[in-house]
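Take a look at this one; I'll ask things after.
We did not get these values from a lab; they are worked out from the coordinates using the rules stated. All values derive from a computational prediction rather than experimental measurement. Because the Cβ atoms are built from the backbone with ideal geometry, glycine has one as well, and the counts that use them run over all protein chains shown.
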Amino acid sequence: MDEIIKAFPRLTDRQREQFAALGPLYTDWNSKINVISRKDIDNLFIHHILHSLAIGKFMTPCEGTAILDLGTGGGFPGIPLAILMPQCRFHLIDRIGKKIKVASAVAEAVGLTNVTFQHGDIGECRERFDYVVSRAVMPLADIIPLITKNISRHPLANNPFPPGLLVLKGGDLADETAAAGRREVIDVPLSDYFPAIEFFDTKHLLYLPL
């Protein structure tokens, strides 16, 4: 929790309370339904919450922005971002029903009113969004054709970047970015945002306008 406050010092008291509550909530749910590796639950705040919030270091969307979290699992990056960005609307989708159950219960417990949930496949989602976010769900070459139909064709004028895809990934991404073809890809090493935390040394944020 200290790392989150350090990275985002302007959090309101309410946001700090919501982030702090994620610890016991995910620990309890994970003992019933395994949505985070049992070996990794002790690293929840850095490996999952702060990792998700890297998108919030990259940009601050304007009020009314709609964001789709593809393959949210237990709610990452969608739930941390929904806490950080109450001005935005989030839709979290996953093919595994028990994971959506956990994400929905956690969101309700911390009082989030800017999130909706869908148990299903991305092909079943016809709504359009300003941005699609995801955490290492699938290669770029696979995800781009799946979500193109979901990208808004009417950009909000006050957003810092055009509608597109933001993915959190790790390791050598040369092949992935090459698979994007002629599309512009902004590659941000997360060590730029969190230089004192070794976990982020090999982590990246990729943004592709679509």
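Which order results if 47, 154 are arranged by neighbouring Cβ count within 10 Å, fewest first? Could you put the intermediate results ahead of the total?
Values: 47 19, 154 8.
The order, fewest Cβ neighbours first, is 154, 47.
Can you give me the relative contact order of the chain as a percent, contacts being Cα pairs under 8 Å and 6 or more apart?
Details: 357 pairs, mean separation 37.0, N = 210.
That works out to 18 percent.
May I ask you to sort 191, 134, 37 by Cβ crowding, counting other Cβ atoms within 10 Å and putting the fewest first?
Values: 191 16, 134 24, 37 10.
The fewest-first ordering by Cβ neighbours comes to 37, 191, 134.
May I ask what percent, to the nearest 5, of DSSP beta bridges between residues of the chain are antiparallel?
Numbers: 11 of 30 bridges.
Roughly 35 percent of the beta bridges in the chain run antiparallel, per DSSP.
Right, here's the next one. What range in the chain is the longest one free of trypsin sites (Lys or Arg not before Pro) that are in a loop by DSSP and have at most 15 other Cβ atoms within 10 angstrom?
Working: sites that count: 10, 38, 39, 95, 126, 128, 153, 182, 183.
For trypsin sites (Lys or Arg not before Pro) (loop position, at most 15 other Cβ atoms within 10 Å), the longest site-free span of the chain is 40-94.
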